[in-house]
1. Let me know the longest stretch in the chain that avoids all chymotrypsin sites (Phe, Trp or Tyr not before Pro) found in a DSSP loop with at most 13 other C-beta atoms within 10 Å.
2. Of the GluC sites (Glu not before Pro) in the stretch 77-130, which ones lie in a loop per DSSP and count no more than 10 other C-beta atoms within 10 Å?
3. With a cap of 13 neighbouring Cβ atoms within 10 Å, and only residues DSSP puts in a loop, list the trypsin sites (Lys or Arg not before Pro) found in the stretch 176-250.
4. Which entries of Lys44/Lys118; Lys37/Lys248; Lys48/Lys94; Lys180/Lys248; Lys92/Lys248; Lys89/Lys180 show an alpha-carbon separation above 32 angstrom in the structure shown?
5. Restricting the calculation to Cα positions, tell me the Rg (one decimal) and the Dmax (whole number) of the stretch 18-165 in Å.
6. Binning at 10 angstrom from zero up to the longest distance, how are the C-alpha pair distances of the stretch 162-205 distributed in percent?
7. I'd like the Karplus ³J(HN,Hα) series for the stretch 25-40: coefficients 6.51, -1.76, 1.60, θ = phi - 60°, whole numbers in Hz, and an x wherever there's a Gly or Pro.
8. Report, in deg cm²/dmol and to the nearest 500, the calculated mean residue ellipticity at 222 nm for the chain, where each DSSP H run with n ≥ 4 adds -39500 (n - 2.57) and the sum is divided by the residue count.
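The numbers here are math on the coordinates, done by the rules we state, and not lab data. Source: prediction; values computed, not measured. Every residue, glycine among them, receives a Cβ derived from its backbone with ideal geometry; neighbour counts consider all protein chains shown.
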Amino acid sequence: MPLFGPKYTNVKVKRKVEVPEGLWTKCEECSEIIYNKTLEENLKVCPKCDYHFTLTAPERIQQMIDPGTFEEFDGQLRSGDPLEFKGPKSYKEKLQLDQVATQLPEAAVGGVGNINGKRVALTVTDARFIMGSMGSVVGEKITRAIERSVQERIPLVIVSGSGGGARMYEGMFSLMQMSKTSVALAQHHAERLPFISILTNPTMAGVMASFASLGDVIIAEPRALIGFTGPRVIEQTIRQRLPEGFQKSEFLLEHGQIDRVIHRKQMKETLTQILDYISPQV
Ligand SMILES: [Zn+2]
């Protein structure tokens, strides 16, 4: 018998439930553990509480656009580093990291494709790439989609997902994208062509304050955070509690800032109805 006993004690713990990596996802809203395959089949919507998980740009295109009809444009555009920005990470490093992580060259994918047979010009932003923020390339891709819509006289659809707004790493060059996209949309509007803006969680700051809020029809996914400044900063600034659900899709619908809140499962069908209604000739 050892003099001082064992050097360790056994502590009884509940057996940890082994969750095989990559097979299950925990719902961010209701904490339900969801089998990934079920989540995929449910268009990445929680089967229990309807929480809409963030989609990547390729997933969004796959869900919205008829198979085999999407044609990407401007995929060769790459961000410069006009300010030679250096922070904890340099802008160049940040770009490279997110390019590897997302397998995308930038935070927006643009092109043309069909929605139930209706050809549209489309840009989708990807919230994983520097928070879906708008730098020169994102602004340029959106502007070119707007111009393509005018050239081809087809409707325009932009899906926004950006918690970052204008991309600070490009300073003034990013801010200029707000006016550039807005001016292009004014010309688009003068051509009497339809623009459907789809807001997903989150659509904030310079993105919401420019092209995303300029849709002829503005649709949001349920419970998406939409606004300019985040709720915490507003509360600190005005020293008041904000109302329940402030800056959520449903609140904005109630207050007239957006036109519809559409569940992801009804999105394509709803877009088809709107396109049929507003542009029967195209
Ligand atoms: Zn849930």
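1. Values: sites that count: Phe4, Tyr8.
That would be 9-282.
2. Numbers: sites: Glu84, Glu93, Glu106; in loops: Glu84, Glu106.
Of the GluC sites (Glu not before Pro), the ones in loops of the stretch 77-130 whose Cβ has at most 10 other Cβ atoms within 10 Å are Glu84.
3. Numbers: sites: Lys180, Arg192, Arg223, Arg232, Arg239, Arg241, Lys248; in loops: Arg192, Arg223, Arg239, Arg241.
Sites meeting the loop and neighbour criteria: Arg192, Arg239, Arg241.
4. Values: Lys44/Lys118 25 Å; Lys37/Lys248 28 Å; Lys48/Lys94 36 Å; Lys180/Lys248 27 Å; Lys92/Lys248 34 Å; Lys89/Lys180 28 Å.
Those over the limit are Lys48/Lys94; Lys92/Lys248.
5. 17.1, 55
6. All Cα pairs considered, the percentages come to 25, 43, 30, 3.
7. Ordered by residue, 3J(HN,Hα) equals 10, 8, 5, 6, 9, 10, 6, 4, 8, 10, 5, 3, 5, 4, 4, 4 Hz.
8. Working: 9 runs with 96 residues, N = 282.
After summing the helix terms and dividing by the residues of the chain, the value is -10000 deg cm²/dmol.
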